[in-house]
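Everything below concerns the one structure shown next.
The values are calculated or read from the model by the stated rules, or taken from the named source; none is laboratory data. Here the structure is a predicted model, which means the values were calculated and not measured. In this analysis, Cβ positions are derived from the backbone assuming ideal geometry, glycine residues included, and neighbour counts consider all displayed protein chains. To get the accessible areas, we keep the full protein, side chains included, count just its heavy atoms, and leave off ligands, DNA and RNA. Shrake-Rupley method; radii C 1.70, N 1.55, O 1.52, S 1.80 Å.
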Amino acid sequence: MKRYLILEDGSVFPGRSFGAPLTTTGEIVFTTGMTGYQETITDPSHNGQIIAFTNPQIGNVGINRADYESIKPTCKGVVVRSLDYHPHHHETTMSLDAFLKQEGIPGIEGVDTRALTRRIRTEGAMKASLVDAADEHAFDQLKALVMPKDQVQQVATTKPYPSPADGHRVVVIDLGLKHGLLKMLAHYNCNVTVLPYKTDAKKIFALAPDGVLLSNGPGNPHDIHGVAEMIQAVEGKIPVFAIGLGHELFAMANGAATYKMKFGHHGFNHPVREIATGRIDFTAQNHGYAVDPASINNDQLLVTHIETNDKTIEGLRHRLYPAFSVQFDPEGTPGPHDAIHLFDEFMEMIDAFNLQKQRRQV
Amino acid sequence: MAKRHDLHKILILGSGPITIGQAAEFDYAATQACQALHEEGYETVLVNSDPDTIMTDPGVADRTYVEPLTFEFIAQILRKELPDAILPTMGGQNGLNLTMELANSGILEELQIELLGTNLAAMSQTEDHELFKNLMHKLQQPLPASRSLHNLKEAFQFAQQIGYPVIIRPAATTGGLGGGIAHNKKELQPLVRSALKQSPIKQVLLEDSIAGQKEIEFEVMRDHLDNALVVCEMENFDPVGIHAGDSIVFAPTQTLSDRETQRLRDASLQIVRALKIEGDCSIHFAIDPKTGNYEILAVNPRVSRSSALASKATGYPVATVATKAAIGMALDEIPMPLTDKTSAAFEPSLDYVACKLPRWPFDQFARANRHLGPQMKAIGEVMAVGRDVEEALLKAIRSLELGPDIFHPDRIEKASDGQIIEQLIHPQDDRLFYLFEALRRGYQPDELSELTKIDFFFLDKMAHLVAIEQDLKAHPDDHDTLWEAKRNGFSDRAIAYWWHEQPDAVRQFRISEQIKPVYKGIDLSAGEFPPETPYYYSTYEMENESQPSDLPAVIVLGSGPTRIGQGIGFDYTTVHCLRAIQKAGYAAIVINNNPEMVSTDFAVVNKLYFEPLTVEDVLNVVELEQPAGVIVQFGGQTAQQLAAPLAKHGVKILGTPVTAQKMIRNRDAFSKIIRQLQLLQPDEQIATSVEAAEAVADKMQYPVLVRRPDDRLGDQALMIAYQKEELHGYLSDHYQVAADKPVLITQYVTGKEYEMDAISDSQNVMVPGILEHIEKAGVHSGDSMAVYPPQGLSTDMQEQLTKDTQKLAVALHCQGMLNVKWIVHDQQAAVIAVNLNASRTVPFLSKVTHLPLTQIATQVILGASLLELTKVEDVKPHSVGVHVKAPVFSFTKLAKVDSMLGPEMKSTGEVMGSDLELDKALYKAFEAAHLHLPRFGNILFTVADPDKKRARSLADRFHEIGYQIYATAGTAQYFQKHGVPVHIVRKTHEATPNILTAIRDGQVQGVINTMHEDGTTTSAGFRIREAAVQAGVPLLTSLETTDALLRVMEERSFATRPL
């Protein structure tokens, strides 16, 4: 079945339909990660987006039961150059095509994804549709489309739930968290309680956690209300680690501003330098917004990490409190594990803070 | 931290001559390394023995030594130059072995010379299997069960313990030399014996065979701050068990999940950090497809073949970055060439698929054992880039230049199902084509995967291609089918086959249907950053990125995959041609497909098209670029054979007119010119039957040369027949002469052979020098040792040859380079071959004359007059001393190839020995070629009857310097009769101990064998030569070479005589 990917700027990319045979609209982004399409597609941070893969061969290992990053994918569409309909891997349970059909997500294959990437690179992320006919009507509808602002609400939990273990008590504020984050905390044996992002500080204090982790998530941090205030109340009293959207909110809570990037960072070959040590980690990234360096209040925040190519702020630390944040996904899934040491730092921060507290009490 | 300021002078070790397992990739590496060090302000000293390399060009290093890569010479250079450090990681396994030898001798410590990049501990930990095992154990990295051993008994015990099959790997060899798989005790014994012999540290690894698992390679980079990254992830199509150099390879990996990929990445980074490598390292993994569990197969702590592939597959210049990391620069301090956006702290993301196919020498060595295994046999490789696996694979196949019929070779089409299955289970070089045939016959990808252990993914893609073939067959001249086929990599020629049309007709139809290729950039970042690299591949997509250059452009056709007879020398000439084009103010554009080469480095050109070298692919680029012309003279056969068809399509071929090429291929026309110029050529006559050929030969008198009639290049003589029986046998059994397959019988003149390269602007001709061959005519010129300047040619004769060559050049309207081979006998010179292109001796001649011959020729091709050029440039050869070029062979890697030198070329590389006197130059050449006889010992003679007289005097001379002479009965009798004391050994077919055991057991230190090649592998001559090659005993098959070697030995010994 012939299909078209149409962009807000008027460009048309023909291809063939796969996945669910639906018309869809969303924000078009490209990701340069070469593996892990299952994780990418199920990453809640892609909520509302049509994901184009720059790696032309997608679907080769199918879908397996272990690599979901959410229970239900909420991206709006998938764009690939060459789709593998006959995946073969010892873990495969179904093909990507079957999976997208099952999940009601449309896809388009056979697209000149490099031309598309170059388009997005020069024109920026924009609205796009997958349609059966690239006619005037389709473009009119696309132009009229107002992008939703409640993405976090769509993907984050509305009810608290525990993931018990016998290590540190960590509260995770779910802004659209990836399962990889929970797997990582499980690896550290953390006694986790996941809370809705609208949870206020009082409820958090009531749980008396050792640390608070703000998760990744989709969309514009400006559309999220109440979280910055919660952070302001919590920081200094409980160690905080914030990731992705959480990092943007952490920055805003401490006086910084965020901006929308031209086409964001989506992929996992982004080199990030830890300024203090010069250490470079290759990180998995998936963000369309970033913290404005000019807005940093140097009394409160210290820039700890930058992306070496475009110098985007990738990490912050509070000057007074045990609180830090990174823009990228240190857990990978998909992507490199170079920055997993940040979870060690979080655990060490918790230990040091607890020790201090004990000393003060003595 | 920035680069180190405590270092000033750095010595770079090259890898020596091209052999199987160690090819042109190290020229690319060392050239990059020299340039990188130069950029950072270090003084560089380079040592390499191969004159055909770009690295040994003036200007690449500050000082270049073309000297043997042996301890003796390197030590002397170290003492003379006193460098602060050695960069050992650019010279392949040879470079590392030599470095370890230097380190162990104590000279590095004595002279306070540091090792850069890879430290000694890392070298030992990756070379010595026990140390390696210990390290991996410490890192908790899994390895296949293995043990390193030093004798046969231990081998039997261990094999018993882990169970057969087992893999045998000699320690510290390259290209898997001497490796094999044993399925039982009987197979194990000879393999372990020969492996022990091959290993320089006399150690052998026995390993549990995990043949059949997936093989994955990670190319890793690390700096001294411990930052590390993965440059490229590659997946072998062929499972573990076939050497990676003989495997089809795809980048990026295709069949791994992200979890699996990240596990391998974690392991790779952990290993490179543990080894503290400052630079590049490649790590091979085996993955069990049933569980995803991995094991470490090998770690190469240096730049390697896969580094070159990774560089070309990603655009990340591995050797440059590795060099800069070795001098203390952090990865994020190293800028990427031609981009200001990124530093070397960047992991490439690919938005295409690159496919590497090995190129084997079996078209040359038809009788070789073609089975693939742990020992590498490929001599070269091609890479192709496409938007998916199918396109990349088909583009790579046509880059191999295996002929128009390779997709459907007769013998494969005719093979029975049983034969096909046999070929799939016991793979040879052409398994890929058997797989296609099996799919055509309806075998399913999963069945084939079960049989071959090749991942289903790849077979499924091949099945897709076969399905497209069916579509093509069913829908001739259909737009949609054509588009689908083109998008999946089908050539016009392949489509023409299924449509029963001419390729040109398909081309015209395709163009009329507006189906044309576009060109996409290879830019490291999958399009995320604006591409600044002028590096392109073709595909069938929406958007074209390559804009024709603003400057008038000249396109140069490269030489394609390295083969025997088409080596690294043509990369040398291609690169020089490109430079001259740039200097002349044109945009230099190259089309080539060999990832090992300097000419496929986008940094050396204005634009690189990484494309197959076929008429279709070249025409497509020409159409886009609209160049001033195309140069074909420097790319060897690959480029030359495209000249006529391109000209037919209206492409302007610069330089010598295509008609002149045609003329020298036409026997009558050429003979007419020879007569007109009053030159001589050996008698020749065409025959269309065995009887006619015999009659011709009788008239000319034996020996005669047998050649293909259309071959005027003199490079492809088929055989020398010394008597009627040989001619009869060859023509009836091998060549199958017939009316439509005539043969050319040429008189075989025994005389000295001379070779001249000249540059002509069609009126004036410059002859920079004459090379004198040491071996008699009849040994292929590429396999001959050659001396410059000639030692046995009178000045008159030199002048005459020069004049005659000039006359020929003018008569043939040569504009550019030509090569003429002469045979001189009784003060008479006859032309035996003319080649209107740069020959393989051009790099050597450029080195010894200090003249940029290719650049001069390019200027001439671009229209400059030689007279004008000589006014502004000094074009007189400046040569001091004597220079010897010697061939290097790879027989140890190729079972069942006869090492007897003859009219077919067999050498894979060459070395140069230069000194003030001939004997010293010869010594160096022999040393550089590793043809080394000890000062005393036993030497074995088995010579053909006509050679006995000359052999006797050689034997006498060996005896004089302290050698005992061994010979079989016939030769021994003759020697004894003439007063040479000799030990008799039994013949090959006689009971042991016989001549074969004498060779195998190390009783003799050298073998001289001139028994004719009869085309079988059962003859005594063949078996003796095979035994010598396998046992690593120096083997000489020409009495002239023996004489030269003796001269050297005599020069270095004293005459001891009783009073």
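At a glance:
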| item | result |
| --- | --- |
| Top-ranked residue of the range B:217-245 - restricted to ones that are among the acidic types (D, E) and touching a Phe, Trp or Tyr at 6+ places or on another chain (Cβ under 8 Å), ranked as surrounded by the fewest Cβ atoms within 10 Å (Cβ to Cβ) | B:E235 |
| Residue match in the range B:284-296 (condition: aliphatic (A, V, I, L, M), closer than 27 Å to B:A172 by Cα and within 12 Å of chain A (Cβ to nearest Cβ)) | yes |
| Per-region count, the range A:254-279, residues on the phi > 0 side of the Ramachandran plot and free of Cβ contacts under 8 Å to residues at least 24 places away in the same chain | 1 |
| Selection count where residues are more than 14 Å from every other protein chain (Cβ to nearest Cβ) and farther than 29 Å from A:A352 by Cα, scope the range A:294-323 | 2 |
| First in the range B:818-838 and surrounded by fewer than 19 Cβ atoms within 10 Å (Cβ to Cβ), second anywhere and assigned to a strand (DSSP E or B), Cβ under 8 Å, 6 or more apart | B:H825/B:K752; B:Q828/B:L680 |
| Where B:K949 falls short, out of the listed (1) open to solvent by less than 30 Å² (accessible area, probe 1.4 Å); (2) of a type outside the set (A, V, I, L, M, F, W, C); (3) at negative phi | (1) |
| Filter result (assigned to a loop (DSSP other than H, G, I, E, B) and within 14 Å of chain B (Cβ to nearest Cβ)) within the range A:1-20 | A:S11 |
| When residues of the range A:234-286 are limited to those that are within 12 Å of chain B (Cβ to nearest Cβ) and among the charged types (D, E, K, R), the one nearest to A:H46 (Cα to Cα) | A:K262 |
| Matching option when the condition is within 11 Å of chain A (Cβ to nearest Cβ) and either open to solvent by less than 10 Å² (accessible area, probe 1.4 Å) or charged (D, E, K, R) (or both), among B:S257, B:S311, B:S343 | B:S257 |
| Any hit, the range B:174-187, residues being within 21 Å of B:G279 (Cβ to Cβ) and in contact (Cβ under 8 Å) with a residue 24 or more places away in the chain | yes |
| Filtered residues of the range A:109-148 (kept if over 16 Å from A:V12 (Cβ atoms), open to solvent by 60 Å² or more (accessible area, probe 1.4 Å) and within 14 Å of chain B (Cβ to nearest Cβ)) | A:T122 |
| Number of positions in the range B:536-561 that are within 14 Å of another protein chain (Cβ to nearest Cβ) and either hydroxyl-bearing (S, T, Y) or not in a loop (DSSP other than H, G, I, E, B) (or both) | 6 |
| From B:M797, B:M756, B:M785, residue being under 20 Å from B:H878 (Cβ atoms) and touching a residue at least 12 places away in the same chain (Cβ under 8 Å) | B:M756 |
| Residue check, B:V590 in a strand (DSSP E or B) and either at pLDDT 95 or above or among the basic types (K, R) (or both) | yes |
| Conditions (1) touching an Asp or Glu at 6+ places or on another chain (Cβ under 9 Å); (2) open to solvent by less than 10 Å² (accessible area, probe 1.4 Å): number failed by B:T573 | (1) |
| Elements of type strands (runs of 3 or more DSSP E) contained in the range B:222-332, each with 1 or more residues being modelled with pLDDT under 95 | B:294-300 |
| Those residues of the range B:881-922 which are charged (D, E, K, R) and surrounded by 24 or more Cβ atoms within 10 Å (Cβ to Cβ), in sequence order | B:K885, B:K893, B:D898, B:K906, B:E910 |
| B:Q213, sole failed condition from (1) touching a His at 6+ places or on another chain (Cβ under 8 Å); (2) open to solvent by 10 Å² or more (accessible area, probe 1.4 Å); (3) within 14 Å of another protein chain (Cβ to nearest Cβ) | (1) |
| Yes/no for B:K395 being of a type in the set (D, E, K, R), under 19 Å from A:L83 (Cα atoms) and open to solvent by less than 20 Å² (accessible area, probe 1.4 Å) | no |
| Residues within the range A:50-74 that are away from chain B (no Cβ under 12 Å), hydrophobic (A, V, I, L, M, F, W, C) and open to solvent by 10 Å² or more (accessible area, probe 1.4 Å), tallied | 1 |
| Strands (runs of 3 or more DSSP E) within the range A:215-299 that include 3 or more residues under 29 Å from B:L350 (Cβ atoms), in the same structural domain as A:P322 (by TED's automatic domain parsing) and modelled with pLDDT of 95 or more | A:258-274, A:280-291 |
| Members of the range A:21-43 that are outside any strand (DSSP E or B) and either within 12 Å of another protein chain (Cβ to nearest Cβ) or in contact with a Cys (Cβ under 9 Å, 6 or more places away or on another chain) (or both) | A:T32, A:G33, A:M34, A:T35, A:G36, A:Y37, A:Q38, A:E39, A:T40, A:I41, A:T42, A:D43 |
| Qualifying residue in the range B:1002-1016 (condition: without any contact (Cβ under 8 Å) to a residue 40 or more places away in the chain, farther than 15 Å from B:L933 by Cβ, touching a Ser or Thr at 6+ places or on another chain (Cβ under 9 Å) and of a type in the set (D, E, K, R)) | no |
| Flag if B:V824 is outside any helix (DSSP H, G or I) and among the hydrophobic types (A, V, I, L, M, F, W, C) | yes |
| Matching strands (runs of 3 or more DSSP E) fully within the range B:139-202 where at least 2 residues are surrounded by fewer than 23 Cβ atoms within 10 Å (Cβ to Cβ) and more than 31 Å from the chain's Cα centre (by Cα) | B:146-149 |
| The range B:913-941 residues that are more than 28 Å from B:G1021 (Cβ to Cβ), paired with ones that are aromatic (F, W, Y) and surrounded by 17 or more Cβ atoms within 10 Å (Cβ to Cβ) (beta carbon under 8 Å, 6 or more apart) | B:G913/B:Y923; B:G913/B:F926; B:D915/B:Y923; B:K924/B:F73 |
| Among the candidates B:A474, B:A494, B:A463, residue that is more than 18 Å from B:R398 (Cβ to Cβ) and away from chain A (no Cβ under 14 Å) | B:A474 |
| Residue check, A:N47 facing chain B (nearest Cβ under 9 Å), surrounded by 24 or more Cβ atoms within 10 Å (Cβ to Cβ) and under 24 Å from A:G244 (Cβ atoms) | no |
| Close pairs (8 angstrom Cβ cut-off, 6 or more residues apart or separate chains): in a strand (DSSP E or B) in the range B:345-357, polar (S, T, N, Q) anywhere | B:S349/A:T32; B:S349/A:T54; B:S349/A:N55; B:S349/A:N269; B:S349/B:S525; B:V353/A:Q57; B:V353/B:Q254; B:L357/B:S399 |
